[in-house]
Amino acid sequence: MVTSHLDEMKTKLEQSEAQLQDYVRTSGLTVTSDKQNLAENGLKQLQDELSKAQADRIASQAKFEEAKNSQRTLYRKSPMTRPCVSTARG
């Protein structure tokens, strides 16, 4: 009795698995293992961190360029940086 019940359950399980595989195949779904999901999540996290690092670098570069240009403007406007022209005639 228990053996026949186990055989019946095994048959139903195999049929269900076959139906699931058919559904996956016809619907275009992709089934992945837990290891693949972990790897994909790790890759996504690395990509997110890379994007943030690139955005931070771009922002820092923009601040640097702004400071550099600001310093040049101050240097050009300062009377101390202009060459003196002698007005004395000899």
(Q) Name the single residue that is nearest to the chain's Cα centre (by Cα) among those in the stretch 31-58 being surrounded by 10 or more Cβ atoms within 10 Å (Cβ to Cβ) and acidic (D, E). (A) D48
Q) Is there any pair with a first residue in the stretch 28-40 that is part of a loop (DSSP other than H, G, I, E, B) and a second that is surrounded by 10 or more Cβ atoms within 10 Å (Cβ to Cβ) and acidic (D, E) whose Cβ atoms are under 8 Å apart and which are 6 or more apart or on different chains, and what are they? A) T32/E40
Q) Can you name the number of the only condition in (1) more than 24 Å from the chain's Cα centre (by Cα); (2) at pLDDT 85 or above; (3) surrounded by 10 or more Cβ atoms within 10 Å (Cβ to Cβ) that T3 fails? A) (3)
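The values are calculated or read from the model by the stated rules, or taken from the named source; none is laboratory data. Owing to the predicted nature of the structure, the values given are computational and were not obtained by experimental measurement. With ideal geometry, Cβ positions are generated from the backbone for all residues, glycine too; neighbour counts draw on all protein chains shown.
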